[in-house]
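The values are calculated or read from the model by the stated rules, or taken from the named source; none is laboratory data. No experiment lies behind these values; they were computed from the predicted model shown. All Cβ positions, even for glycine, are placed from backbone atoms using ideal geometry, and neighbour counts span all protein chains on display. Accessible surface is based on the protein model in full, side chains and every heavy atom, while ligands, DNA and RNA are left aside. Shrake-Rupley method; radii C 1.70, N 1.55, O 1.52, S 1.80 Å.
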Amino acid sequence: MSIPIPHRQLFIDGDWKVPVLKNRIPIINPSTQHIIGDIPAATKEDVDLAVAAAKAALSRNKGADWASASGSVRARYLRAIAAKITEKKPELAKLEAIDCGKPLDEAAWDIDDVAGCFEFYADLAEKLDAQQKAHVSLPMDTFKSYVLKEPIGVVALITPWNYPLLMATWKVAPALAAGCAAILKPSELASVTCLELAEICKEVGLPPGVLNILTGLGPEAGAPLAAHPDVDKIAFTGSSATGSKIMTAAAQLIKPVSLELGGKSPIIVFEDVDLDKAAEWTIFGCFWTNGQICSATSRLIVHESIATEFLNRIVKWVKNIKISDPLEEGCRLGPIVSEGQYEKILKFISNAKSEGATILTGGSRPEHLKKGFFVEPTVITDVTTSMQIWREEVFGPVLCVKTFSTEEEAIDLANDTV
C-alpha cells in the first residue's frame, strides 16, 4: 500500500528550481526508520530568489495580475486548488501518513479540511469586492472618507510538521485570498505534501511568484526568511523557542508577526459526568495525531471522588488503541515524527518517574513494534505542580493527572501554566 515519494525541487516563481547549493535532506519514514526519498534544502540564496519572485508578482502588470485583481479572480484559483486537492486526496493522504506518521484515516480527514479551507477563503475573497471603498461618514461634507482593503504584501509562512498540509493551508489560503504573495517554509520533518501543493499550483496556472515553496532547515532557510527586509509580515506555527527567535528578527524591522506556539491545555472532569463519554473525549483530546498537537488536553484534572473509577476507564480505553504502521487498517496511533522527538518524549517520561510520579499505563515502546519511533499512549499519576511533566509541553501521547476537590481548586490548577 506504500507510495513512492515524488522527487521535487524548490518551487520559485511558478517553476521547479534546484537549490543554489544543490543540497538535499533525507526523508525518513517514522514507522520503519528507512530513508524513502529526499527534499531540497533551501538556503539564504534561495530565500532571496523566492522573495524577489513574490515581490515581482505583486507589481506585475501594475498589480492587476494579483494584488489589485478582484477577489473573485483570486477565488477562482483557490477553488481550482481545492478541486485538485479533492481529486488527489487518496495519494495526498498516503504521502502525509508515511511522511509524518499520522494514521491514514486522520490524514484523509486533514485533506478534506485542506480543500474546505481553500473553499472557505475563496468565499471570503469574493466578499472582499463588496467591502472595498466602504463609506465612512464624517461630520463635514468637505471631506470624503472610505476604507480600502489592500494586501499587506510579501508574507513569510513558516509551518509545523504535525498537520503538514493543513496548517500550511491555514496560512496560504487567507494570504492568497487577500492578494498577498507568499513564501511557504514547511518543517523539514514533513514537507512532502507541501511540495505537492506546488505541483497543484502549477496545474491550475497560479500566476508565477504568487506562492513560492522552500523546504529546508530552520537556521538555513527559516531564519533568513524571517529576517528578510522585503518580507512584510511573518506567520509562524511551532515551538515557543523558535517563535521567540522569529519575533526578535521581526522586531529589528518593526515587522508584524502572527505566532501560534506551544500549549499545555487542561481538561477538567467533574463528578457529575457520563464517565464513559468523558473518558472517550479525554483520550481523543490527548492522543489524537499521536499526541502531537499544541492544543492537546495533556493535563487531566479530575474530581477526587471519581478519580479511581475514571482512570480505570481511561486505562481500558488506552489498552484498546491500535498502535501500528499508519497505513494499516484501523490504526489509531502511529509513530512520533522523528527520532529526536521520540527521544525527547521518552526523556519526559523518565524524568517524571525520577521526580516521583507513577506511570499508570504505557511509558515505553510497544512490545510488538521493534522498529519505528513508536511510544505507547502513557498516563502519569501522582503528579505535583512543580514537576516538568506538569509544566512543559511534551508534544507526544502523554497524559498527566491531578485530582481536585473544589471547583475553585480545579480552575486554579487549569490556569497553572505559562
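Charged side chains reduced to their Cβ positions (Lys and Arg at +1, Asp and Glu at -1) give segment 138-268 a dipole of some 320 debye around its Cα centre.
If I compute Rg and Dmax of the Cα atoms in Å from the structure I just sent, which labelled value in (1) 23.3, 79; (2) 21.2, 73; (3) 20.9, 64 lines up? Working out Rg and Dmax of the Cα atoms in Å from the coordinates points to (1).
When the surface is traced with a 1.4 Å probe over the full set of protein chains, residue 146 keeps roughly 120 Å² accessible. Each label point was placed 7 Å from the Cα along the Cα-to-Cβ direction; for residue 142 and residue 275 their separation is 7.8 nm. Diffusion coefficient (Stokes-Einstein, Kirkwood radius over C-alpha pairs, 20 °C, 1.002 mPa s) for segment 266-415: 138 µm²/s, rounded to a whole number. A dipole drawn for segment 266-415 from +1 and -1 charges on Cβ atoms has a positive end, and of 351, 327, 390 the residue lying farthest that way is 327.
Dipole magnitude for segment 266-415: computed about the Cα centre from +1 point charges on Lys and Arg Cβ and -1 point charges on Asp and Glu Cβ, it is near 700 debye.
Of all the stretches in the chain, which is the longest one without any exposed loop site, taking trypsin sites (Lys or Arg not before Pro) in a DSSP loop (any state but H, G, I, E, B) with at most 16 other Cβ atoms within 10 Å? Intermediate results must be reported in sequence, preceding the final value.
Values: sites that count: 22, 133, 144, 149, 322, 370, 371.
Here the longest segment lacking exposed loop sites spans 150-321.
Simple rule: put +1 on each Lys or Arg Cβ and -1 on each Asp or Glu Cβ in segment 266-415, find the dipole, and look at 295, 368, 404; the Cα lying farthest toward the positive end is 368.
Relative contact order (percent) for segment 266-415, with alpha-carbon contacts under 8 angstrom and 6 or more residues of separation?
Numbers: 251 pairs, mean separation 43.0, N = 150.
This gives 29 percent for segment 266-415.
Accessible area per residue, 1.4 Å probe, Å², for the chain: what's the number?
On the way: 18370 Å² over 418 residues.
Each residue of the chain exposes 44 Å² on average to a 1.4 Å probe.
Restricting the GluC sites (Glu not before Pro) of segment 307-380 to loop positions (DSSP other than H, G, I, E, B) with no more than 12 neighbouring Cβ atoms within 10 Å leaves 329, 367.
Test of understanding: what is the full-extension gain from residue 244 to residue 129, defined as 0.36 nm times their sequence separation minus their Cα-Cα distance? Don't skip to the answer; put the middle values down first.
Values: separation 115, 0.36 × 115 = 41.40 nm, distance 3.63 nm.
Result: 37.8 nm gained on full extension.
Beyond 19 Å in Cα-Cα separation lie the following of the pairs 185/233; 322/347; 102/353: 322/347; 102/353.
Over the chain, calculate the relative contact order: mean separation of alpha carbon pairs under 8 Å at least 6 apart, over the residue count, as a percent. Don't skip to the end; give the middle numbers.
Working: 885 pairs, mean separation 71.1, N = 418.
Relative contact order comes out at 17 percent.
Using the Karplus relation 6.51 cos²θ - 1.76 cosθ + 1.60 with θ = phi - 60°, the per-residue 3J(HN,Hα) values for segment 77-92 come to 5, 4, 5, 5, 5, 4, 5, 5, 4, 4, 4, 9, 3, x, 5, 5 Hz, with x marking Gly and Pro. Rounded to the nearest 20, the size of the Cβ-charge dipole of the chain about its Cα centre is 1220 debye, with Lys and Arg at +1 and Asp and Glu at -1. Between residue 230 and residue 105, the simple spin-label model (points 7 angstrom out along Cα→Cβ) gives 4.8 nm. Taking the longest Cα principal axis of the chain as reference, the axis of helix 44-59 is set at about 50 degrees.
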